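Visitor: Okay, here's the structure, questions in a sec.
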Amino acid sequence: MAVATTSALRQRTLTALALVPLVIGAVLWLPTPLFALVLAGVIGVGAWEWAALAGVAGQRLRALYPLLVGGAMALLWPFPQGLFWLAIASALWWLWQTRRLLSMRRIVPAAGVDGRLLAVGLLVLVAPWAALVTLHDAPGGPALVLFLLFVIWSADTGAYFAGRRWGRTKLAPVLSPGKTRAGVYGGVLGAVLCALVFAWLQGLAPLHGLLLLLISAATALISVAGDLYESLLKRRCGAKDSGQLLPGHGGMLDRIDSLTAAAPLFLLGTTLIGVR
């Protein structure tokens with residue numbers, strides 16, 4: 001078991017090392033329209049996997065869902081204000097979901113195509129695209145997008161090691177038996193440390209720096225809801241991963257689940273304190 005765990009961690013690390021430079025390069029060097037297009041491709045792959053989790057079996061039918069999600073993004077692109085309001089709606093939805101997920105005691109198995117889940121997917125998948133594009137298009141936006149990614153990565157890393165070392169009390173055993181409260185605390189600490197470094201590098205005033213720490217902590221917390229929600233969808237249909245696209249990581253949704261919940265809230269928080 002230990003050998004298998006080490007092998008999986010090694011594969012996971014190698015995949016991350018290959019992907020991270022590509023992601024950083026796309027964030028920092030692509031103009032916003034091209035960044036939006038590349039991000040839409042990533043979301044499109046996630047939409048393909050989402051359709052399967054919603055019970056859409058045939059490949060031709062599944063292919064319609066990424067087209068639907070892509071069409072929604074294309075319709076929103078000419079209306080920047082609409083992108084922002086969509087992020088607000090998403091943040092509120094995720095706040096509601098957080099309470100629901102943590103109190104869940106039973107999972108009802110999936111049966112057939114779930115139309116409601118396909119409708120929810122439009123919000124879950126399009127809103128983070130809208131939030132990231134809005135962030136990227138602002139002055140200094142690429143740095144903020146990259147900072148958000150580092151907050152998520154730091155939270156994931158902190159949660160992993162804190163959970164392994166001190167994890168005792170389960171967070172949501174029905175949805176994700178491996179997640180612990182200690183892991184959540186470690187994730188928040190990782191996000192706060194990342195924010196401290198960013199605030200120092202940016203030379204933020206003490207008040208703005210403190211507010212950014214709070215936003216980063218809240219972002220790390222709500223990112224857990226994105227992870228738990230995808231775990232719910234997978235357990236409903238008996239799937240281990242959303243796909244097999246990324247060795248050691250599973251599918252695209254397995255990589256962006258935290259970001260789907262975190263990006264809208266981060267956009268709202270940084271807008272309110274005037275960082276962006």
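The values are calculated or read from the model by the stated rules, or taken from the named source; none is laboratory data. These figures come from a predicted structure and were not determined experimentally. Counting neighbours? That spans all protein chains shown, and the Cβs are built from the backbone with ideal geometry, glycine included. The area values use the complete protein model at the heavy-atom level, side chains included, leaving out ligands, DNA and RNA. Shrake-Rupley method; radii C 1.70, N 1.55, O 1.52, S 1.80 Å.
Visitor: Since residue 113 meets every condition but one in (1) in a loop (DSSP other than H, G, I, E, B); (2) open to solvent by 50 Å² or more (accessible area, probe 1.4 Å); (3) more than 28 Å from residue 68 (Cα to Cα), which condition does it not meet?
Guide: It fails just one condition, (3).
Visitor: Report, by residue number, each residue of region 160-191 that is under 11 Å from residue 220 (Cβ atoms), out of contact with any strand residue (DSSP E or B) (no Cβ under 8 Å at 6 or more places or on another chain) and touching a residue at least 40 places away in the same chain (Cβ under 8 Å).
Guide: 191
Visitor: Name the single residue that is most open to solvent (accessible area, probe 1.4 Å) among those in region 48-63 being part of a helix (DSSP H, G or I) and in contact (Cβ under 8 Å) with a residue 12 or more places away in the chain. Steps first, answer last, please.
Guide: Here is the first cut: in region 48-63, the ones part of a helix (DSSP H, G or I) are 48-53, 59-63.
Checking the rest, the ones that are also in contact (Cβ under 8 Å) with a residue 12 or more places away in the chain come to 48-53, 62-63.
Details: 48: 80, 49: 10, 50: 9, 51: 0, 52: 39, 53: 9, 62: 37, 63: 41 Å².
Selected residue: 48.
Visitor: Continuing with the same structure: Looking at the structure I just gave you, is residue 141 within 16 Å of the chain's Cα centre (by Cα), surrounded by 15 or more Cβ atoms within 10 Å (Cβ to Cβ) and more than 30 Å from residue 62 (Cα to Cα)?
Guide: Details: within 16 Å of the chain's Cα centre (by Cα): no; surrounded by 15 or more Cβ atoms within 10 Å (Cβ to Cβ): yes; more than 30 Å from residue 62 (Cα to Cα): yes.
Here the answer is no, as residue 141 does not meet what is asked.
Visitor: Among the small types (Gly, Ala, Ser), assigned to a helix (DSSP H, G or I) and over 23 Å from residue 46 (Cα atoms): is that true of residue 143 in this structure? Spell out how you get there, then give the answer.
Guide: Working: among the small types (Gly, Ala, Ser): yes; assigned to a helix (DSSP H, G or I): yes; over 23 Å from residue 46 (Cα atoms): yes.
When the stated conditions are applied, residue 143 passes them.
Visitor: Please work out which residue is farthest from residue 270 (Cα to Cα), limiting yourself to region 209-224 and to residues that are buried (at least 16 other Cβ atoms within 10 Å of the Cβ) and more than 21 Å from the chain's Cα centre (by Cα). Spell out how you get there, then give the answer.
Guide: Step one: filter region 209-224 for residues buried (at least 16 other Cβ atoms within 10 Å of the Cβ), giving 209, 211-213, 215-224.
Remaining after also requiring more than 21 Å from the chain's Cα centre (by Cα): 209, 211.
Numbers: 209: 11, 211: 9 Å.
It comes out as 209.
Visitor: Okay, moving on. Would you please name the residue that is farthest from residue 101 (Cα to Cα), looking only at residues in region 158-183 that are open to solvent by less than 60 Å² (accessible area, probe 1.4 Å) and part of a loop (DSSP other than H, G, I, E, B)?
Guide: So, considering only residues that are open to solvent by less than 60 Å² (accessible area, probe 1.4 Å) and part of a loop (DSSP other than H, G, I, E, B), the one farthest from residue 101 (Cα to Cα) is 167.
Visitor: Also: Being at pLDDT below 95, more than 20 Å from residue 100 (Cβ to Cβ) and not charged (D, E, K, R) narrows it down to one residue among 199, 191; which is it?
Guide: Working: 191 fails: at pLDDT below 95.
After applying the criteria, what remains is 199.
Visitor: If I go through region 64-95 residue by residue, how many of them are without any contact (Cβ under 8 Å) to a residue 40 or more places away in the chain, in a helix (DSSP H, G or I) and among the aromatic types (Phe, Trp, Tyr)?
Guide: Number of matching residues: 2.
Visitor: Return the only residue of 235, 255 being assigned to a helix (DSSP H, G or I) and under 14 Å from the mean Cα position of the chain (by Cα).
Guide: Working: 235 fails: under 14 Å from the mean Cα position of the chain (by Cα).
After ruling out the rest, the residue left standing is 255.
Visitor: Here are some residues: 204, 232, 212. Which one is farther than 22 Å from residue 272 by Cβ, in contact (Cβ under 8 Å) with a residue 60 or more places away in the chain and touching a Leu at 6+ places or on another chain (Cβ under 7 Å)? Steps first, answer last, please.
Guide: Details: 204 fails: farther than 22 Å from residue 272 by Cβ; 212 fails: farther than 22 Å from residue 272 by Cβ.
Residue meeting the stated conditions: 232.
Visitor: Can you pull out every residue in region 187-208 that is closer than 14 Å to residue 159 by Cα and open to solvent by less than 10 Å² (accessible area, probe 1.4 Å)?
Guide: Those that are closer than 14 Å to residue 159 by Cα and open to solvent by less than 10 Å² (accessible area, probe 1.4 Å): 187, 191.
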